[in-house]
Structures are given as C-alpha cells and as structure tokens.
1. Name the long-range amide H neighbours of Val240: under 5 Å, sequence gap of 5 or more, or other chain; modelled H, no Pro or chain starts.
2. Enumerate the calculated ³J(HN,Hα) couplings along segment 26-39 in order (Karplus 6.51 cos²θ - 1.76 cosθ + 1.60, θ = phi - 60°), each rounded to whole Hz, writing x wherever the residue is Gly or Pro.
3. Taking the Cα centre of each part, how many Å lie between segment 1-76 and segment 181-232?
4. Greater than 27 Å separation of Cα atoms is the criterion. Which listed pairs, Lys118/Lys229; Lys156/Lys229; Lys166/Lys191; Lys118/Lys249; Lys118/Lys226, meet it?
5. Quick one: what are the phi-derived ³J(HN,Hα) couplings along segment 122-134, Karplus 6.51/-1.76/1.60 with θ = phi - 60°, whole Hz, x for glycine and proline?
6. Quick check on segment 56-249: what are the equivalent-ellipsoid semi-axes from the Cα gyration tensor, as sqrt(5λ), descending, whole Å?
7. Quick check for you: with a 1.4 Å probe and neighbouring chains kept, what is the accessible area per residue of segment 92-154, in Å²?
8. Rounded to the nearest percent, how much of the accessible area of the chain (1.4 Å probe, protein heavy atoms only) is carbon and sulfur?
Amino acid sequence: MINHTIQQMIKPLFFLLVTLQLLAQKKMKPELTELWEPVPEVIQPGEANNPSSDAIVLFDGTDLSKWINSSTGQPADWIINPDGSMTVKRDGGIETIEEFGSVQLHIEWKTPMEINGKGQGRGNSGVYFQKSYEIQVLDSYNNVTYSNGQAASVYKQSIPLVNASKPPGEWQTYDIIFNEPKYDKKGHRLKKGSFTVFHNGVLVQNNVEIQGTTEYRGYPKLRDIKTPKRLYLQDHGNPVSFRNIWLRKL
Ligand code: MG
C-alpha cells in the first residue's frame, strides 16, 4: 500500500523529468553531436572483387612469392595455371611468409569439375587463419557431410547459416572478417576471436565466436602462441584451385 502511494507520488515527477530532458534536447545545437576527427583515410575501392588500394595482395595469378610450403619451408610450388589461378599440388599445404592479426580476407576457390569422392573427400581444402582456425573449403553442392564440416563452416565449430555453394567447376568467393583471439605472453586467452563469413556474397557466419583451434579429433584447444600467425591453405589431397587472394589488416 505504501509502495503504491510512493509510486503515485513519483509518477508526475518522472514525467516532468522526461519532458525537461526533451526540451533540453530540442535546444541543443546539432553540431554538439558531430565528430570531425579522426578523418577516415581515403582509399580506392576495388572494382568487382579486386583489391582496394590499401589491400595486401597475396596472390594475383602470377607467382607464389608470398608463400612457402608448410612442410618443407621451401618456396611454395603449387601449380600456377594460365588463367591466373593456382591449384593444390600433392606436397603439403602452403602458408604466407608474412604474419597477420585481424584481417578482412577475400579469396576465390573452385573445386574440380570432375566429381571424385564423397563427403569430406570431395574438393576438400581449407583457409586457415593464424594456422589455427579453419574456414572449410569443400564441394558442398549436392554432397552430404556433417553440417559443421561443410563448405563455409568454421570447421567442427559452427554450421553455416545457409548452403550458398555453386556447382563444382565454378568459381566461388569467400569474404571473411577475422577478429583474432587475444592472448597474453604466457599463452592465457584474454578474449575469444570471431568470424564473419560471406560465401558468394551471402552471409553465412554472423560474428561467430571462435571456440579455439580447429581440431579434427576432439574439442577446440587454446592456441600455441608460438605458432606463426600465417594464413595457411590446406592440401587435403584434392586438386582445389584458388585465385585473387588479398586481405586488409584490421
Ligand atoms: Mg578442409
């Protein structure tokens, strides 16, 4: 009863405060909420899927000078094709020489026109960030496998929202925003990372939290902070092709 009486007394006061606030806001100059600094850097956006002027081009179709063979540490020697693409050679994955933190990555890929194998054995490769977190590359066009292992999955961690796959033999695009997990110098994780992925222009991973490293068996683990933060492309035994690879540091 007392509570009710207090409520009745406070109500007009509350409305008065709201009205005063609205009046005060009306008197505010619009300039008060304008921010003029910092001024965003002027860059040249790329036409279609081409890199913007501030992007780092990792593969433009001419050579693999930015890549090494992950198994041997020697210069990467995947097959360079006349059409400006490269194809997995059966001698191990390749990784960038440069290391990267959080990035926006564009990459195009194509699984073989001739269908061989099924499930995880058909057109399998993968884009690994910091050699630790895989966005799956797979022929997922009429090819059933576990959902958290199909194309555009965060492998064994997150199922894509939809299957936006094109048929084998057609070029497909990934545009990926990777926010790196934060670790301290002792290897304790301070903050989990995240993935946002567009597959052929369609949002398929929407700010998904990264649980830990990609593991084929068992659960995600903490990342070994000694692992170089290189971008890595997987050799899973299938002749998958890639082209037009570029990224922007975030
Ligand atoms: Mg894979």
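1. Under 5 Å from the amide H of Val240 lie the amide H atoms of Val88, each far enough along the sequence or on another chain.
2. Result, rounded to whole Hz: 5, 7, 5, 6, x, 4, 4, 9, 8, 10, 10, 9, x, 8.
3. Taking the Cα centre of segment 181-232 as reference, the centre of segment 1-76 is 22 Å away.
4. Distance filter (> 27 Å) returns Lys118/Lys229; Lys166/Lys191; Lys118/Lys249; Lys118/Lys226.
5. Running phi through 6.51 cos²θ - 1.76 cosθ + 1.60 with θ = phi - 60° gives 10, x, 8, 8, x, 10, 9, 9, 6, 6, 9, 10, 9 Hz.
6. Equivalent ellipsoid of segment 56-249: 24, 20, 15 Å, largest first.
7. Per-residue accessible area for segment 92-154 comes out at 33 Å².
8. On the way: 8400 of 14860 Å².
So the carbon and sulfur contribution to the accessible surface is 57 percent.
The values are calculated or read from the model by the stated rules, or taken from the named source; none is laboratory data. Small disclaimer: the values here were computed from a predicted structure and weren't measured. Ideal geometry is used to build each Cβ from the backbone, glycine not excepted, and the neighbour counts take in all protein chains shown. Just the protein is used for accessible areas: all its heavy atoms, side chains included, with ligands, DNA and RNA removed. Shrake-Rupley method; radii C 1.70, N 1.55, O 1.52, S 1.80 Å.
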